[in-house]
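Here the structure is laid out as structure tokens; the discussion comes afterwards.
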Ligand SMILES: [Zn+2]
């Protein structure tokens, strides 16, 4: 049995569509949490991320969190011995 948690949650998406940030919008946040949330969201916007409001349930159903697109670029082989990774059709 699955319980749906519909607590509002802020997520930040990169232009590629990957969710790289999630923070629950607590119904009764402490001033400290409220500050933290505002700071994080401002930070995400500064990085050019898109803020969306979803639910905790949505986050739970995400298969992956974080962007692998950047990593793929970084992993690109520096020496030709690793070119095996390239797909040969
Ligand atoms: Zn991505």
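The values are calculated or read from the model by the stated rules, or taken from the named source; none is laboratory data. Treat the numbers as computed from the prediction; the structure is a model and nothing was measured. As a convention, Cβ positions derive from the backbone with ideal geometry for all residues, glycine included, and neighbour counts pool all protein chains shown.
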Residue 48 passes all but one of (1) surrounded by 17 or more Cβ atoms within 10 Å (Cβ to Cβ); (2) at positive phi; which number fails? (1)
Could you tell me which numbered condition residue 63 fails, if it satisfies all but one of (1) closer than 23 Å to residue 16 by Cβ; (2) modelled with pLDDT of 95 or more? (2)
Within segment 23-35, is even one residue exposed (fewer than 13 other Cβ atoms within 10 Å of the Cβ) and closer than 29 Å to residue 69 by Cα? no
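Yes/no per residue for (1) in a loop (DSSP other than H, G, I, E, B); (2) within 16 Å of the ligand (Cβ to nearest atom); (3) in contact (Cβ under 8 Å) with a residue 24 or more places away in the chain; (4) in contact with a strand residue (DSSP E or B) (Cβ under 7 Å, 6 or more places away or on another chain):
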site: 4; (1), (2), (3), (4): yes, no, yes, no
site: 15; (1), (2), (3), (4): yes, yes, yes, no
site: 26; (1), (2), (3), (4): yes, no, no, no
site: 32; (1), (2), (3), (4): no, no, no, no
site: 39; (1), (2), (3), (4): no, no, no, no
